[in-house]
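Some notes on the structure that comes next.
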Amino acid sequence: MPKSKKRKEDNSRLQKIEKAQHKNEFLLRLEKLCNDITGSNVFQLIPRDQLEDIYKLRNHPIRVIEGEGQKIPNDILQETKSMVLDVFKHRRVPLDIGNVSSISLYDFFTVGFTLMLYGTRINEVDFPGATEVKSKLNPLVSIADGPIYNSVWREYLTMMHLMSVVMSDLQLGLYALKHTKRELIKGHIGLFFCMEIYRAETEQIKFTLDGSSRPAFRLGWFLDENIGKIDFIKVESEKLNLPDGKTFDVYIQSHAFARLQERIDGVTPGFLHFSIYDSFKNLKVAKNKKGELLCEFALIDKKVGYFVGQILDGKLLLKTFLFLTNNGTPEGEKLHKHTGLMKEDKIYLSIDKFSSFINSDIVTNPIVKDIFIKAGCESLFKVDEAVFLAPKGMFEKIPMAENIKKYLKLGHDIPSL
């Protein structure tokens, strides 16, 4: 026998074995869920031909696929698949049906959905015992369109949005995820819930600033609910305390992205970039002592810094980013005025970056914390800690407060700011 023919036969045999193993494993999971939910061995009443149909029409795990006409980089595709699997395996859905208090999101969307849909299809005349099986499955079937079912779908859609944010980068590409349902994929029938990935690039232009040509990227976002279109930010002149009647497109210089990532450390670029877009949707503007525009930047509505902006070539260019404590911000100047801390001091004490406020013991030291609160930096202590990714293996807050107290020669008295 030719080697190529033997190899094909071996592969075909292996595929058949793998398919049979997968079917057996799936039906065992289905049987366990069915019996745990019903508190009985009612699964044994379902005939073999019914089980074959259940498997054939089963609900498959969530598929992550390219949207129509899209060419998604392989690393993005694989990263998204990994994120989806990780979340679905670890997130729990409260059921409280029979002996099942909760179930993983993965099981809910596979064996859970399959059993739920089967319960709706059973007719009393299908097989002996069909009435009993249908009756026993009714508590599971009845959750459809109820609070649990609806909360699962809300979480699913929220998760899609968060993943699209994490994947996105205004300099490299923006991503959006769209939910679709299919009944046939690559010749396989069943129920497939899919996350389709779409990609868009924002506009990039160059500005001449201080004699140098510098790249900048237009500010906007690729919204999940409006696939195919970037929602670009436009700022009315009156918001910038300029004469009414003009609007400005917003562009971000590469230098500003670098300073943002450096000073708001421990936060993913995607979330930082989305937060720029979100901050400009509800823009608040101040000015520094040089008269430059300071555009507030917030993480989940909590101010953490400013972009320094300039009107150039009829556009609003964001040149750099300042953390809230940096010199050049109202809060940073107030901190300097009443403590004497210079730029170099702030760097030495590591109070010129986000991680020092969310991942240290400053928040638990009332004397040191109050120094920053009275300088207008209270918002730094109110940011949701979930946005910060602590270094791997770090479980305790970094001790910083005592060092700051000693540096400022503080006892129990709080400086009057």
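The values are calculated or read from the model by the stated rules, or taken from the named source; none is laboratory data. If you're wondering where the values come from, they're calculated on a predicted model, not measured in any experiment. Note that we place each Cβ from the backbone using ideal geometry, even for glycine, and neighbour counts take in every protein chain shown. Note: accessible area is taken over every heavy atom of the protein model, side chains too, but ligands, DNA and RNA are not part of it. Shrake-Rupley method; radii C 1.70, N 1.55, O 1.52, S 1.80 Å.
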Please turn the phi angles of the range 303-315 into ³J(HN,Hα) values with the Karplus equation 6.51 cos²θ - 1.76 cosθ + 1.60 (θ = phi - 60°), one per residue in order, whole Hz, x for glycine and proline. 5, 10, x, 9, 9, 8, x, 8, 7, 9, 6, x, 10
Among residues other than Phe232 whose Cβ falls under 12 Å from its Cβ, what is the net charge (Lys/Arg +1, Asp/Glu -1)? +2
Multiply the residue gap between Asp145 and Leu184 by 0.36 nm, knock off their C-alpha separation, and tell me the result in nm, one decimal place. 11.6 nm
In Å², what does the accessible area per residue of the chain work out to with a 1.4 Å probe? 52
Below 8 Å, C-alpha to C-alpha, sequence gap of six or more: please give me the relative contact order for the chain in percent. 10
Of the accessible area of the chain, computed with a 1.4 Å probe and all protein chains kept, carbon and sulfur make up a percent value of 51
Sticking with the crude label model, points 7 Å out along Cα→Cβ, report the distance from Ile398 to Asp86 in nm, one decimal please. 2.3
Excluding same-chain residues fewer than 8 positions from Lys246, which lysines have a Cα within less than 16 Å of its Cα? Lys234, Lys315
What size of dipole, in debye to the nearest 20, comes out for the chain about its Cα centre when the only charges are +1 on Lys and Arg C-beta atoms and -1 on Asp and Glu C-beta atoms? 960
Just the number, please: percent antiparallel of the DSSP beta bridges in the chain, rounded to the nearest 5. 85
Subset of Lys32/Lys181; Lys19/Lys134; Lys239/Lys303; Lys81/Lys136; Lys319/Lys374; Lys239/Lys337 violating a 24 Å alpha-carbon distance limit: Lys32/Lys181; Lys19/Lys134; Lys81/Lys136; Lys319/Lys374; Lys239/Lys337
When the charge dipole of the chain is computed with +1 on Lys and Arg Cβ and -1 on Asp and Glu Cβ about the Cα centre, the Cα farthest towards its positive end, among Ser104, Ile76, Pro94, belongs to Ile76
Helical mean residue ellipticity (222 nm; -39500 (n - 2.57) per DSSP H run of 4+; nearest 500) of the chain: -12500 deg cm²/dmol
Quick one: among Tyr348, Tyr156, Tyr55, which has the greatest mean-square fluctuation in a GNM of the chain with alpha-carbon springs under 10 angstrom? Tyr348
Under Stokes-Einstein, the chain at 4 °C and 1.567 mPa s, with its Kirkwood radius over C-alpha pairs, diffuses with a coefficient in µm²/s of 50
Would you mind getting the Kirkwood hydrodynamic radius of the range 192-257 from its Cα pairs, rounded to one decimal in Å? 14.4
Per-peptide average of other Cβ atoms within 10 Å, ordering 157-167, 377-387 highest first: 157-167, 377-387
Estimated vicinal HN-Hα couplings, Hz - the range 338-343 in sequence order (Karplus 6.51, -1.76, 1.60; Gly, Pro = x): 9, 10, x, 5, 8, 4
Going toward the positive end of the dipole of the range 91-152, with +1 on Lys and Arg Cβ and -1 on Asp and Glu Cβ, which of Thr120, Gly146, Ala130 do you reach last? Gly146
Taking the Cα centre of the range 9-94 as origin, work out the dipole magnitude from +1 charges on Lys and Arg Cβ and -1 charges on Asp and Glu Cβ, in debye rounded to 20. 220
Just to confirm my numbers, what's the Cα centroid distance between the range 205-269 and the range 326-352 in Å? 26
